[in-house]
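First up is the structure itself, then whatever we jot down about it.
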Amino acid sequence: QVQLVESGGGLVQPGGSLRLSCAASGRFLQTLRMGWYRQAPGSPRELVAAIIRDNGVRYADSVKGRFTISRNNPRNTLDLQMNSLKPEDTAVYYCNINIVGYGDYWGQGTQVTVSS
């Protein structure tokens, strides 16, 4: 059983920064993809950033240069550093992992609100 727990969301002013962290527990061997998605009210869930096996890192155009995804192997966490936040970044952010042979797993989500 794989569990993902996100933390680090909250309220921040435009131009501010937040760091999201996703703690993964359970036993799994190979991942195809680890990433962050977000969903704003009335909008579909969209990819924010992902680390893809054998294919590097991918970012949504809207966050390039502002967000950085990283994996901390000793702590088994996936982090998302978000800088220069904008009101349009407001959404629920979800951690996702795709495991070979098992498919996708999702965290419960963490709210990020960018507002003055």
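The values are calculated or read from the model by the stated rules, or taken from the named source; none is laboratory data. This one's a predicted model, so the numbers in the text were calculated from it and none came from an experiment. Here Cβ is always computed from backbone atoms with ideal geometry, including for glycine, and neighbour counts include all displayed protein chains. Ligands, DNA and RNA are excluded from the accessible area calculation, which covers all protein heavy atoms including side chains. Shrake-Rupley method; radii C 1.70, N 1.55, O 1.52, S 1.80 Å.
Remarks
- Net length gained if the chain between Asp104 and Gln13 were fully extended (0.36 nm per residue, minus Cα distance): 29.5 nm
- Annotation: Thr90 carries an accessible surface of approximately 40 Å², with a 1.4 Å probe and no ligand, DNA or RNA atoms counted.
- By accessible area with a 1.4 Å probe, ligands and nucleic acids excluded, highest first: order of Asp89, Asp54, Asp61: Asp54, Asp61, Asp89
- Label-to-label distance, Arg71 versus Val5, with points set 7 angstrom from Cα along the beta-carbon direction: 2.2 nm.
- Over all other residues within a Cβ to Cβ distance under 15 Å of Gly56, the charged ones net out to +4, with Lys and Arg as +1 and Asp and Glu as -1.
- Total charge dipole magnitude, segment 18-116, about the Cα centre, Cβ charges on Lys, Arg, Asp, Glu only, Debye to nearest 20: 220
- Efficiency of FRET from Cβ geometry, Arg53 and Lys86, R₀ 30 Å, rounded to 0.05: 0.50
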